[in-house]
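Where a number appears in this text, it was derived from the coordinates with a stated rule and is not lab data. Remember, predicted model here, so these are calculated numbers, not experimental data. When we count neighbours, we look across all protein chains shown, and the Cβ atoms used for this are built from the backbone with ideal geometry, even at glycine.
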Amino acid sequence: MDVRVSGVRKEFDRFPALHDVSLDINSGELIALLGPSGSGKTTLLRLIAGLETPTDGKVFFGDEDASLKSVQERNVGFVFQHYALFRHMTVIDNVGFGLKVRPSNTRPSTDEIRRRSSELLDFVQLSGLEKRYPAQLSGGQRQRVALARAMAIEPRILLLDEPFGALDAKVRKELRRWLREIHDKTKHTTVFVTHDQDEALELADRVVVMSQGRIEQIGTPDEVYDKPNSPFVYSFIGESSTLGVRVENGELWLADRPIGLKSELPNGDASLYFRPHDVEIVDGSQACIAGTVVASRRVGATRRVELDLRGSADRVEIGITADHPATEMSGIAFRPKHWRVFPKN
Ligand code: ADP
Ligand code: MG
């Protein structure tokens, strides 16, 4: 294991930005920290970098307590959302900066710095732009320079804080693929912050889903998508539907009848979560969820269907895959193939 965050809490003037966060980052892994704005992603990244100190808990680099290491000794490469290139330096000087400011006993020669910098520029596909200044580059090019600069110091870990967040959607998608390719070649241990689920799911080996200063779930993209372990993850990643249900002696009830799903939760109100592609349309005579279709509209690959529930005055909305011809439906009976139920909080 390369970097370990262990039981970290961080308060800013008594405001808890992170509560008891633990995370093991394996060598060569690309990890995405995914969560809405304010969930603590940047704070966690800055704690790993040493730009913040934990209120409680520890960060380890290998077996070493990182609190004993300065920011420089941690040897991390950082890329921020807003280009932090030096405006008055050429592209190649920007890339070599981290090497140039090293103490003289570890600083490579000027020729060596130049050689390494131009190699890296070649690697990020910017050869020929060595003499330009940041103002003469596009946003995407600037972020590639920033990445080359972060990699130039041969960092122990690369920390990228929404590096493509300020770019338009098309460039962002290109850079996302490109970053994955770069990572597959270099195998730098990397932590990548994003609030964009597509970016996280496409890029990362593992996704760390954060909400309100806590880690909600850690898993591969498939795991967090297919097996969300909390209502937050269900709603934050991908499309999902929620229905208010009751647990009665191991059976789930919706309105006045059981719906053929079992649960080990204690009796009481609960919430049923499922994804559109897990909705299986069934014969209405079976125990299932059924209702009259009041309205339906297509949203991308999903059809949102508004239902008057059988046996209840309540109206609910569920998502099904858009290939169901719901426009012609007057009623619908279904059961989710995969689902989770959580106690009502
Ligand atoms: P994210 O990067 O997920 O948007 P941050 O880590 O930036 O979230 O912030 C988490 C919470 O901590 C937010 O509520 C933010 O306002 C607060 N916070 C972050 N940095 C500071 C700071 N230096 N002083 C006070 N509050 C902060
Ligand atoms: Mg942030």
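Distance between the C-alpha centres of segment 140-157 and segment 168-211: 15 Å, rounded to the whole angstrom. Within the straight-line cut-off of under 25 Å between alpha carbons, the lysines reachable from Lys170 are Lys41, Lys185, sequence neighbours fewer than 8 places apart in one chain being disregarded. Using bins of 10 Å that start at zero, the share of Cα-Cα pairs per bin across segment 137-277 amounts to 10, 31, 27, 15, 11, 6, 0, in whole %.
Excluding same-chain neighbours fewer than eight residues apart, the lysines reachable from Lys262 by a Cα-Cα span under 23 Å are Lys227, Lys337, Lys344. When the alpha carbon gyration tensor of segment 283-331 is reduced to an equivalent ellipsoid, its three semi-axes come out at 19, 12, 9 angstrom, largest first.
For segment 94-161, the alpha-carbon radius of gyration amounts to 1.09 times the rule-of-thumb value 2.2 N^0.38 Å expected for a compact globular protein.
The Rg/Rh ratio for the chain, using Cα coordinates for both the radius of gyration and the Kirkwood hydrodynamic radius, is 1.09. When only alpha carbons of segment 194-263 are considered, Rg and Dmax amount to 15.2, 45 Å. As a rough guide to protection, the peptides 305-317, 187-199 ranked by mean Cβ packing within 10 Å, highest first, stand as 187-199, 305-317. The angle between the Cα long axis of helix 139-152 and the main principal axis of the chain comes to about 60°, on a 0 to 90 degree scale. Going from the residue with the fewest nearby Cβ atoms within 10 Å to the one with the most, Leu137, Leu18 rank Leu137, Leu18.
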